[in-house]
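Bear in mind these aren't lab numbers, they're just calculated from the coordinates by the rules spelled out. Source: prediction; values computed, not measured. All Cβ positions, glycine included, derive from the backbone under ideal geometry; neighbour counts span all protein chains shown.
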Amino acid sequence: MKKIAGFEFELTRNITIGQYVPTGSIIHRMDPRIKLASFTLLVISMAVCATYGGNLLALVLSCLLFYVSRIPISYGLSGVKPAIPFILILAILQLLFYSEVASGGKVLLNYGFIHITTDSIRLVVVSALRFVEIIFLSSVLTLSTSTTQITHGIESLLRPLRTVKFPVHEFALIITIALRFVPTFALEMEKMMKAQASRGAEFGTGAWWRIVQRTKDVFPIIIPLFNVAMSRAEDLVLAMESRCYVPGSQRSVSKKYKAYRTDYAALIFCIVFAIVLLAFPFPY
Amino acid sequence: MTEQPILEVKHLQHIYMKGTPLEHHALSGVSLKINKGECIAVIGHTGSGKSTLIQHVNGLMRPQSGEVVVDGMNLSDPKLDIRLLRRKVGLVFQNPEDQIFEKIIGDDIAYGPFKMGLPIKEVRDRVKWAMEVVGLSFDEMKDRATYALSGGQKRKVALAGVLALRPDILVLDEPTAGLDPRSRNELLEKLKTLNEQEKITIIFVSHNMEEVAYLAGRIYVLADGRNLVEGTPEEVFGEADTLKKHHIGAPDTVEILGQLKAKGFAVRPNAYQLEEAAKEIIAVLRQDGR
């Protein structure tokens, strides 16, 4: 334990999934169905857009969304931080081995098997930007929407799939439960780590090549965690059944969402933005 | 002659999720001074910072501001040998039976001592001692399966697992929560024995005032992350009004005597022990009969 400890067990601090930051902004108040649809549109257009100009514009928009939703941008950055190694590795791989895919443009370097062209550099930069944009976007979405709203949104957006016998409701329920229990199990795991640490357990201190030892080190956490998960699942089933939940039966919702003019305006804005990203001939 | 306290906490502060919108002040300046061999109760309403406080004693949390000194070891020191500290201070969490992970009782209790790197014979002796202290027969129970135990027995196993580290200070977070009355009384007796015969310093958090009255030699009352009242049970339960204001109850004995006093009977309202309270009430009855 080299670094000054004190936060080593605060796992919940690092988990932004399923965390809802209520600020009551316009984005928070949006109809979840429209919000999901708009964000999906934005993510798809950002994933396809391959120009510097377009991606810069998208980056500006995703930063603006933090401002509009009144969520500190540090939340978004803390989501980017763990992704940095992946972004870097991806960038290096793309730079070295993607020359055949991105062979256009001017050749900048040609040494052995390494061909670096303006196109491959563009690919590297654009994919890194995309990463950040999409992490920002999904952070804003999850931080501004409660999990119930997200699942209601998913459920009503997927409703057309019912005609092909897709179990839309069950699917939405699974997502709700999974999201709902992420922070719960993080807390549970935190508690378990603390309890075992006070009995002398140490985690992640063994050398990395001693895989067996390091795996054994986590048994004292994993086994109780499974037990707890099982008993929680049992409790959940009982609680749901005692409130008359029957799988597959017709259900009504307590809260009907209603889309207002601002919601449609936001949707139209996102459609226009997506079209601009995809179709506008950015000079770079 | 002032004795060096075994645990000293000075103006300890802790803020959860510091620097985020969800920032939460759990401790805003708590001080404790606990001498060797004492049995201390920490009480307070939910969210008063009790659990955060006791996690500092074991080094699971380090002081953000303020000081925690355990037997001369300062927890603000980054070079502190945390393993040594955790051997000195045994921490029993809420619902400790959740932490049992081995199939066999004996193995689970031996986990801590093994991690300390003790020779097998020493480990065996410690497991035996710990099991006998909590009232589990070593020969009978050591090879039993952990999953088949009752809630009360599981808690005993978990307690033995911490005791096997032979700590000088035992810290317990709501040790009797969720136990049936019989296991509760048994556990309280064991803790009293540990404190009186094995001279282990005990610090426990509790919501149950009866068990506080039974065990504690001194009480610290926390409210909103600060010290509210401290002192012997007589002193603390004498301040019934302050306690009530912070949603902290008093033992039934104190409640009854308080109501008698309010009706104009001459009783000492802070005679919290069962026998003393009974004596007070008998005295009142005798006066009436005369």
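Rounded to whole Hz and in sequence order, give me ³J(HN,Hα) for the stretch B:148-165 from the Karplus expression 6.51 cos²θ - 1.76 cosθ + 1.60, θ = phi - 60°, writing x for Gly and Pro.
Rounded to whole hertz, the list is 8, 7, 7, x, x, 5, 4, 5, 4, 4, 5, 5, 4, x, 7, 5, 4, 7.
Can you grab the distance from the C-alpha centre of the stretch A:67-143 to the C-alpha centre of the stretch A:208-242, Å, no decimals?
Here the two parts' Cα centres lie 36 Å apart.
Can you list the aspartates and glutamates whose alpha carbon sits under 16 Å from that of A:Lys81, skipping same-chain ones fewer than 8 residues off?
Those aspartates and glutamates meeting the cut-off are A:Glu133.
Please list 3J(HN,Hα) in residue order for the stretch A:20-35, calculated via the Karplus relation 6.51 cos²θ - 1.76 cosθ + 1.60 where θ = phi - 60°; whole Hz, with x for glycine and proline.
Ordered by residue, 3J(HN,Hα) equals 10, 9, x, 10, x, 6, 4, 5, 4, 8, 5, 4, x, 5, 5, 4 Hz.
I need the calculated FRET efficiency for the pair A:Phe181 and B:Gln287, taking r as the beta carbon distance and R₀ as 45 Å, to the nearest 0.05.
Numbers: r = 62 Å, r/R0 = 1.38.
Step by step, r from the Cβ atoms, then E = 0.15.
Tell me the mean residue ellipticity at 222 nm calculated for chain B from its helices only (DSSP H runs of n ≥ 4, each -39500 (n - 2.57), averaged over every residue, nearest 500).
-12500 deg cm²/dmol
Pull up the cross-link candidates among the lysines for B:Lys103, meaning alpha carbon to alpha carbon under 30 Å and not fewer than 8 places away within one chain.
Excluding near neighbours in sequence, the set is A:Lys191, A:Lys194, A:Lys216, B:Lys88, B:Lys115, B:Lys121, B:Lys128, B:Lys142, B:Lys154, B:Lys156, B:Lys190, B:Lys192.
Just going by the charge dipole of chain A, with Lys and Arg at +1 and Asp and Glu at -1 on Cβ, which of A:Thr23, A:Val126, A:Ser78 is farthest out on the positive end?
In chain A, that residue is A:Thr23.
Can you tell me the length gained on complete extension of the stretch A:Thr163 to A:Tyr20, counting 0.36 nm per residue apart and subtracting the Cα distance?
Values: separation 143, 0.36 × 143 = 51.48 nm, distance 3.30 nm.
The span from A:Thr163 to A:Tyr20 would gain 48.2 nm if fully extended.
I'd like the antiparallel share, as a percent to the nearest 5, of DSSP beta bridges with both residues in the protein assembly as shown. Please list the in-between numbers first.
On the way: 25 of 43 bridges.
Antiparallel: roughly 60 percent of the beta bridges in the protein assembly as shown.
Can you tell me which lysines have their Cα less than 26 Å from the Cα of B:Lys245? Leave out same-chain residues fewer than eight positions away.
B:Lys10, B:Lys33, B:Lys50, B:Lys261, B:Lys263
Whole-Å semi-axes of chain A's equivalent ellipsoid, largest first, each the root of 5 times a Cα gyration tensor eigenvalue? Working shown, then result.
Values: eigenvalues 267, 207, 65 Å².
Calculated on Cα positions only, the semi-axes equal 37, 32, 18 Å.
How would you classify the protein assembly as shown from its alpha-carbon gyration tensor, with a ≥ b ≥ c the square roots of the eigenvalues: rounded for a/c under 1.5, else prolate if a/b is greater than b/c, otherwise oblate?
On the way: a/c = 2.28, a/b = 1.79, b/c = 1.27.
Prolate.
For chain A, set up a GNM with springs between Cα atoms under 10 Å and report which of A:Lys165, A:Lys81, A:Lys191 has the largest fluctuation.
Highest fluctuation of the listed residues: A:Lys165.
Can you give the FRET efficiency to the nearest 0.05 for A:Ala47 and A:Val253, using r as the Cβ-Cβ distance and R₀ = 30 Å?
On the way: r = 31 Å, r/R0 = 1.05.
That gives a FRET efficiency of 0.45.
Can you tell me the FRET efficiency between B:Thr232 and B:Ser150 if r is taken as the Cβ-Cβ distance and R0 is 45 Å, rounded to the nearest 0.05?
0.80
For the stretch B:216-266, run through the trypsin sites (Lys or Arg not before Pro) and keep only the ones in DSSP coil with at most 13 other Cβ atoms within 10 Å of their Cβ. All intermediate terms of the calculation are to be shown ahead of the outcome.
Numbers: sites: B:Arg218, B:Arg226, B:Lys244, B:Lys245, B:Lys261, B:Lys263; in loops: B:Lys263.
Of the trypsin sites (Lys or Arg not before Pro), the ones in loops of the stretch B:216-266 whose Cβ has at most 13 other Cβ atoms within 10 Å are B:Lys263.
Dividing the alpha-carbon radius of gyration of the stretch B:251-290 by 2.2 N^0.38 Å (N being the number of residues), what value is obtained? Walk me through the numbers on the way to the answer.
Values: Rg = 9.3 Å, N = 40, 2.2 N^0.38 = 8.9 Å.
It is 1.04.
Would you calculate a helix-derived [θ] at 222 nm for chain A, using -39,500 (n - 2.57) for each DSSP H run of n ≥ 4 and dividing by the full residue count, to the nearest 500? The partial results should precede the final answer.
Values: 10 runs with 181 residues, N = 284.
Calculated from helices alone, the mean residue ellipticity at 222 nm is -21500 deg cm²/dmol.
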